[in-house]
Amino acid sequence: MDWADELAASVSGPQVVNDSKTPSGTVHVGSLRGPVILDVIARALRANGIETTYLYGVDDMDPMDAQALLSADAVEREMGRPLAHIPDQGDDGHPSYARHHAQVFIDTFAGLGINPDRYYLMSEIYASGQVDPYIRVALDRASQVREIYRRVANVQHPDEWHPLQVVCENCGRIGTTIVTGWDGERVFYECRPSLVAWARGCGHSGWISPFGGNAKLPWNLEWAAQWGLLGVTIEPCGKDLSTAGGSRERSDAISREVFEREPPRNVPYEFLNIGGRKMSTSKGRGAAAHEIAEVVPAEQLRFLFVRPKPNSAIEFDPDGTDAIPRLFDEFDKFAAAAAGKEVRGELPPNPERVFAYSLLSPAADVRAEAAAFRAAFSHVALLVQVPGVDVPARIEAEKGSPLTEREREILAERTTAAMRWLEAYAADRAKIAVQRDDLPREVAALGEDQRLYLGALALRAESERPSTGEAWQALLFSVAADATMPPGRSFAAIYIAFLGRPNGPRAGWLLASLEPQFVLRRLREAAGWRPSEAELAAVQEASSS
RNA sequence: GGGCCGGUAGCUCAACGGUAGAGCAGCUGACUCUUAAUCAGCUGGUUGAGAGUUCGAAUCUCUCCCGGCUCACCA
């Protein structure tokens, strides 16, 4: 049974699944694992007939703490202010920085088939007063909260510290304030110039009501408050939070001891490592997370996250490897299995579940999707490198019947993916390059029969002047038949002469895409015939004209 | 220092107490409209090390080694 189905089978009653994210920067591929996992859990629950609400929170009251994300003139002014209060740095008309980035991940998620029932903005939840009861309890039990921080996380807050962050009335910052008093209705806070290194408080202090959006709870309490407020029963989180003494453990303790509510079930998940290292834009060519998302289509990306168990790290190294073609092949294998076809190799017990969860739409006709014809990625990658090839026509010929609309769609997606893969990641051996300048060294290894074949081919080509791929193809076979030569050897000779490798794309179409003079010259050279002076002159004249 | 994941064939991984497997790669062979396709076959492993439990261990326990991520300020 798939991990998500196992989880679904272990719960009863209506479920609320939740995740949230600070809308500060771009969404990286690795950070998509959480949302995909959550989406799959929601689908699994529903497939098991469990009433499920899928929520996604935007933590937009969090302070801006990254200079790099602001324009130069905005840094001094905006650092430390709530993301929801910072103007959009772009000019696409969003009411705030937070809204802009919230939209980015809403769009990104939708592109992956992830559509929560509801997105909520913490700035709106605070403003509505819904968090007020939690704020009151937290302030009343401040000493207990400090004790939990000490016990669980070994974090020492001073005795006057209260679990609340006020938005400074004077400068609007929230990251620079500390609450040091609570009289039951108002808190006393200071906006300290050097409370944090990344932002500078204005020095203001005073009494203020902590309610109705004037303040926010610190992260660990806010998390626990969200659980209570929304009735969350399942919330996965990454291993950065799930670690011992980490954020999750603190929030769990606060939920139990301060808000007196059992925390949701955790599904800790590991990260996605690119090439054995954490994702980094600086390492390697094309290893940047967003680039991977450009090359790997949504369903394959989902598949990458759905197949392994959440708590195992995913090693993905697309750079100069066959990791991406393999991902497609694996996906296709699961598709074939889901279609009830005989499949080579090993599969998990329920491949059709994994396949279904990889699909963009939870409502998709799994059987029909599984049965759709999918051309092998590496084959598509080969075809797109040959000039003048009609890829859909070729694939249709391979299938043996016309492609359906959906199959054309899949093919178009793969064609794009293949081209980007070749550009960004593919090893040189995956690339077809006609060696125009010099005779490939490998030609030396051609057998005498292969040389004779190439020579004979040159003669026939000169007289018959094939111009289309089909004409060339027919000629190749005809000459091979005359020489009673197995096509394997004759084609290898062609490939070696032009590409320096024993295999390649359909030879006829390859030759048809090159200038006839070059083809003839190369065939003769590879056959071991030295061109005469007159021939050389003719070739030069032809190529310069 | 704490936590998590991993170390099984060249590569990617499966097997989770019952004879170590698959895909890819490699090698053989087959194939007269293609060949990075398809088909058949072969090679390849003291399961990181050591000890323990067991009739039986890749699997459970303990110790260690190695790799990676992560936390220890905030979120």
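Provide Rg and Dmax in Å for segment A:1-125, with only Cα atoms included in the calculation.
16.9, 55
For chain A, with all protein chains present and a 1.4 Å probe, just round the carbon and sulfur fraction of the accessible area to a whole percent.
The nonpolar share, carbon plus sulfur, comes to 49 percent.
Per chain A: cysteines with no other Cys C-beta under 4.7 angstrom?
Among the cysteines of chain A, those whose Cβ sits 4.7 Å or more from every other are A:C237.
Treating the Cα atoms of segment A:334-415 as identical point scatterers in vacuum, please give the log10 of the normalised Debye intensity I(q)/I(0) at q = 0.11, 0.17, 0.23, 0.24 Å⁻¹, two decimals.
Rounded to two decimals, the profile gives -0.34, -0.75, -1.14, -1.19.
Per residue, how many Å² of accessible area does segment A:281-430 show with a 1.4 Å probe?
In whole numbers, segment A:281-430 has 47 Å² accessible per residue.
Which aspartates and glutamates, on any chain, are close to A:K399 with Cα under 20 Å apart, when same-chain ones fewer than 8 places away are left out?
A:D329, A:E330, A:D332, A:E342, A:E369, A:D390, A:E407, A:E409, A:E413, A:E470
Could you give the length gained on full extension between A:D183 and A:D438, defined as 0.36 nm per residue of separation minus the Cα-Cα distance, in nm?
Computed gain between A:D183 and A:D438 is 83.2 nm.
When the label point is put 7 Å from the Cα of A:N170 along its Cα-to-beta-carbon vector, which residues of segment A:198-240 have a backbone N closer than 16 Å?
A:200-208
Using the membrane-span-like helix rule (whole DSSP H runs, Cα extent along the own axis of at least 18 Å, mean Kyte-Doolittle hydropathy at least -1.0), which helices of chain A qualify?
A:33-47, A:97-111, A:323-338, A:405-424, A:448-464, A:469-482
Any chance you could list the semi-axes, whole Å, largest first, of the equivalent ellipsoid that the Cα gyration tensor gives for segment A:281-430, using √(5λ)?
Gyration-tensor ellipsoid for segment A:281-430: 23, 22, 13 Å.
Calculate how many DSSP beta bridges within chain A are antiparallel, expressed in % of all such bridges and rounded to the nearest 5.
Percentage antiparallel, nearest 5: 45.
Provide the FRET efficiency to the nearest 0.05 for the A:I50-A:K309 pair, computing r from the beta carbons and using R0 = 25 Å.
With a Förster radius of 25 Å, E is 0.75.
Starting from the amide H of A:S20, placed 1.01 Å from N in the peptide plane, find each other amide H under 5 Å away whose residue is 5 or more places distant or on another chain.
So A:S20 has HN proximity to A:G57.
Compute the Rg to Rh ratio over chain A from the alpha carbon atoms, using the Kirkwood formula for Rh, and round to two decimal places.
We get a ratio of 1.14 for chain A.
Which order, highest average first, do A:299-311, A:113-125 follow once you tally other Cβ atoms within 10 Å for each residue and take the mean per peptide?
Highest mean packing first, the order is A:299-311, A:113-125.
State to the nearest 20 debye the size of the charge dipole of segment A:281-430 about its Cα centre, where the only charges are +1 on K and R beta carbons and -1 on D and E beta carbons.
Approximately 240 debye in magnitude.
Which value, in debye to the nearest 20, describes the size of the charge dipole of segment A:457-530 about its Cα centre when Lys and Arg Cβ atoms bear +1, Asp and Glu Cβ atoms bear -1, and nothing else is charged?
Its charge dipole is roughly 240 debye.
Pop a pseudo-label 7 angstrom from the Cα along the beta-carbon direction at both A:R406 and A:S513 and give the gap in nm to one decimal.
If labels sit at A:R406 and A:S513, their model points lie 3.1 nm apart.
Cα convex hull of segment A:65-136: mean projected area in nm², to one decimal?
Mean orientational projected area (segment A:65-136, Cα hull): 6.6 nm².
Past 30 Å, Cα to Cα, is the threshold; run A:K239/A:K431; A:K309/A:K333; A:K21/A:K431 against it and keep the listed order.
Violating the 30 Å limit, Cα to Cα: A:K239/A:K431; A:K21/A:K431.
Multiplying the sequence separation of A:Q156 and A:W207 by 0.36 nm and subtracting their Cα-Cα distance, what value in nm do you get?
15.9 nm
If amide H atoms are built 1.01 Å from N in the plane of the peptide, which residues on other chains or at least 5 residues away come under 5 Å of the amide H of A:R261?
A:R256
Sort A:401-407, A:5-11 for me by packing, meaning the mean count of neighbouring Cβ atoms within 10 Å per residue, highest on top.
So the order, starting with the most tightly packed, is A:5-11, A:401-407.
Figure the gain on full extension for A:V11 and A:R118 (residue separation times 0.36 nm, minus the Cα-Cα span) and round it to one decimal in nm.
That works out to 36.3 nm of additional length.
Heavy atoms only, 1.4 Å probe, whole protein assembly: order A:W223, A:W3 by accessible area, highest first.
These residues rank, largest area first, as A:W3, A:W223.
Just for the Cα atoms in segment A:147-216, what are the lengths along the principal axes, largest first, rounded to whole Å?
The principal-axis extents, from largest down, are 35, 31, 18 Å.
Hey, how many Å between the Cα centroid of segment A:400-439 and the Cα centroid of segment A:353-390?
13 Å
The values are calculated or read from the model by the stated rules, or taken from the named source; none is laboratory data. Quick caveat: nothing in here was measured; it's all calculated off a predicted structure. Cβ atoms come from the backbone with ideal geometry, glycine included; neighbour counts cover every protein chain shown. Each accessible area value is taken on the protein alone, full model and side chains, heavy atoms only, with ligands, DNA and RNA left out. Shrake-Rupley method; radii C 1.70, N 1.55, O 1.52, S 1.80 Å.
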